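**Q** My questions will all concern the structure given below.
Computed from the coordinates by the stated procedures, all read-outs in this text should not be read as laboratory data. Please read all numbers here as calculations on a predicted model, not as lab measurements. Every residue, glycine as well, gets a Cβ built from its backbone with ideal geometry; the counts of neighbours run over all protein chains shown.
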């Protein structure tokens, strides 16, 4: 029986798209400078605390740029202590495979799926972000084959809880040249996450976009703790002091390079109660104050934040309000960032 797959059109390769929508030397310089700082943070030469913060999904270019312009002003206020990598997530995993899958699929959340318009829209938005704010951003590496469409613009990738067991995600992460955060899987098995970090830190040879490729391994692959869900569908946190001490032990046993963890303050850690992120962020900083070992390993936080509190249905039309997971609104986010800088 024939494959039930219709080939719609051939899309431009990342190389072709980069030629069509090039970046200038200013953007290249900003990315190199920021990448070097982030590398120093992960390798222990820089004590800045990372804050990976922004909307659950970057669904509207104007609202995203508005949010990031505000964020830049706060970054300038806390630059002595905090280094921000904004979340500009344009690919969204769906647990059941249906619903809004991000700007890559739908440049207009209320319009039809259009992958060509999507890859152009996300490249242009990321380019605009660097030009207008000086930020280089974080994305979720949901589709490893698509990473190269943005590889000259991104400074961080996260591999999600559902992707972390996948071989292709692990081995592509070994060759991207920027930090790759490996989330613990939805079921919470830390061993799976550690294996994923190990695979990403190792040299790999594999098939990628029609090429045989090899990588040198990514020493900046690290853990992201995002909480987990038990067999009964209940959320459980894994950001507490005891969890962090357990992770330190795991790192010791595996002998991986640059032991590091980012705490995701939302998802199962907060039970998707977005206001809980404030308390969780402060709790993590308290653990860092109590233990020098935890202080060394916890490199930063992930926070879901946008212009308006909460979330809305697609089509509700509220500017700067998440159409995926609920986010912390702007006023609360700004206050939290300033409080974290005080607590560091």
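**Q** Starting from the Cα gyration tensor of segment 234-337, take the square roots of the eigenvalues, sort them a ≥ b ≥ c, and report rounded, prolate or oblate (rounded when a/c is under 1.5, otherwise prolate if a/b is larger than b/c, else oblate). Please report the intermediate quantities before stating the final value.
**A** Details: a/c = 2.70, a/b = 2.21, b/c = 1.22.
It comes out prolate by the Cα gyration axes.
**Q** While we're looking at this one, here's another question. Using the basic label-point model (7 angstrom from Cα toward the beta carbon), what is the residue 212 to residue 96 distance in nanometres?
**A** About 4.5 nm separates the two model spin labels.
**Q** Roughly what would the spin-label model give for residue 166 and residue 343, points 7 Å off Cα along C-beta, in nm?
**A** Each label point is offset 7 Å from its Cα along the Cβ direction, giving 3.4 nm.
**Q** Would you mind telling me the antiparallel percentage of the DSSP bridges in the chain, rounded to 5? Walk me through the intermediate numbers first.
**A** Details: 7 of 38 bridges.
Close to 20 percent.
**Q** I would also like to ask the following. Residue 81 label point, 7 Å along Cα→Cβ, cut-off 20 Å on backbone N: hits in segment 314-344?
**A** Under 20 Å, as judged by backbone N against the label point of residue 81, lie 331-344 of segment 314-344.
**Q** Per DSSP H run of at least 4 residues, take -39500 (n - 2.57); add these up for the chain, divide by its residues and hand me the 222 nm value, nearest 500 deg cm²/dmol.
**A** Numbers: 11 runs with 133 residues, N = 344.
Result for the chain: -12000 deg cm²/dmol, rounded to the nearest 500.
**Q** With the cut-off at 1.5 for a/c, could you classify the chain from its C-alpha gyration tensor as rounded, prolate or oblate? Don't skip to the answer; put the middle values down first.
**A** On the way: a/c = 1.33, a/b = 1.17, b/c = 1.13.
It is rounded, given that a/c, with a ≥ b ≥ c, falls under 1.5.
**Q** For a protection proxy built on the mean count of beta-carbon atoms within 10 angstrom, sort 115-127, 12-24 highest first, please.
**A** Going by the mean number of other Cβ atoms within 10 Å, highest first, we get 115-127, 12-24.
**Q** In what sequence, highest mean first, do 259-271, 82-94 appear when ranked by Cβ atoms within 10 angstrom? Please list the in-between numbers first.
**A** On the way: 259-271: 24.7, 82-94: 22.7.
Per-residue Cβ counts within 10 Å, averaged per peptide and sorted highest first, yield 259-271, 82-94.
**Q** Classify segment 54-203: rounded, prolate or oblate, from the alpha-carbon gyration tensor (a ≥ b ≥ c, eigenvalue square roots; a/c under 1.5 rounded; otherwise prolate if a/b is larger than b/c)? Provide the component values of the computation, followed by the final result.
**A** On the way: a/c = 1.78, a/b = 1.22, b/c = 1.46.
Note, shape of segment 54-203 comes out oblate.
**Q** Would you kindly state how much longer the chain becomes between residue 32 and residue 319 on full extension, computed as 0.36 nm times their sequence separation minus their alpha carbon distance, in nm to one decimal?
**A** Working: separation 287, 0.36 × 287 = 103.32 nm, distance 3.29 nm.
Full extension from residue 32 to residue 319 adds 100.0 nm.
**Q** What nm value, rounded to one decimal, do you get for the distance between residue 250 and residue 230 when each label is placed 7 Å out toward the C-beta?
**A** Each label point is offset 7 Å from its Cα along the Cβ direction, giving 1.9 nm.
**Q** Please list, by residue number, everything in segment 66-95 whose backbone N is under 20 Å from a paramagnetic label point 7 Å out along Cα→Cβ of residue 272.
**A** Only 89-95 fall inside the zone, counting backbone N under 20 Å.
**Q** Test of understanding: what is the full-extension gain from residue 132 to residue 116, defined as 0.36 nm times their sequence separation minus their Cα-Cα distance? Intermediate values should be presented prior to the final figure.
**A** Details: separation 16, 0.36 × 16 = 5.76 nm, distance 2.44 nm.
Additional length available on full extension: 3.3 nm.
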